[in-house]
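Read the figures in this text as sums done on the coordinates, not as results from a lab. No experiment lies behind these values; they were computed from the predicted model shown.
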Amino acid sequence: MNRGAVGDIASWDPDLVVVKGDLTSNGTRSEYEWFRSVYEPAFGDRLMAVRGNHESYHHLAVADAPLPGAAPSRGDRGTARHLT
């Protein structure tokens, strides 16, 4: 499902992709690494991920800081596109 979603989102060529919580099912580091392996190659520094309750259950300290190279910015590519 994630790979399909990434493909669909990438086809929009968004300025920023925000994944808001529940990056994993059980809050394990291996699940988080899998999430990163799917999303980071597609979006790089356009990706912002926020820790959800699934990651908090096991005190998995992921997504507390931006992904490597990621920093929210206004960008220089014009108006952001919104997914509805």
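Residues with amide H under 5 Å of T24's amide H, sequence separation 5 or more or different chain, H placed in the peptide plane at 1.01 Å from N; which?
The answer is E55.
Assuming 0.36 nm per residue, please report the length gained on full extension of the stretch N2 to A42 beyond their Cα-Cα distance.
Working: separation 40, 0.36 × 40 = 14.40 nm, distance 1.16 nm.
Extra length from N2 to A42 when fully extended: 13.2 nm.
Through the Karplus equation 6.51 cos²θ - 1.76 cosθ + 1.60, θ set to phi - 60°, convert the phi angles of region 22-32 into ³J(HN,Hα) values in whole Hz; use x for Gly and Pro.
6, 6, 10, 8, 10, x, 8, 4, 5, 5, 5
For M48, which sequence-distant residues (separation of 5 or more, or a different chain) have an amide H within less than 5 Å of its own amide H, given hydrogens modelled in the peptide plane?
Here the answer is V17, V18, V19, since their amide H atoms fall under 5 Å of that of M48.
Output wanted: per-residue J couplings in Hz (rounded whole) for region 41-52, from phi through Karplus 6.51 cos²θ - 1.76 cosθ + 1.60, θ = phi - 60°, x for Gly and Pro.
Listing the rounded values in order: x, 7, 10, x, 6, 8, 9, 10, 10, 10, 5, x Hz.
Fully extended, how many nm does the chain gain between N53 and R29 (0.36 nm per residue separation, minus their Cα-Cα distance)? Could you put the intermediate results ahead of the total?
Working: separation 24, 0.36 × 24 = 8.64 nm, distance 1.43 nm.
Gain in length upon complete extension: 7.2 nm.
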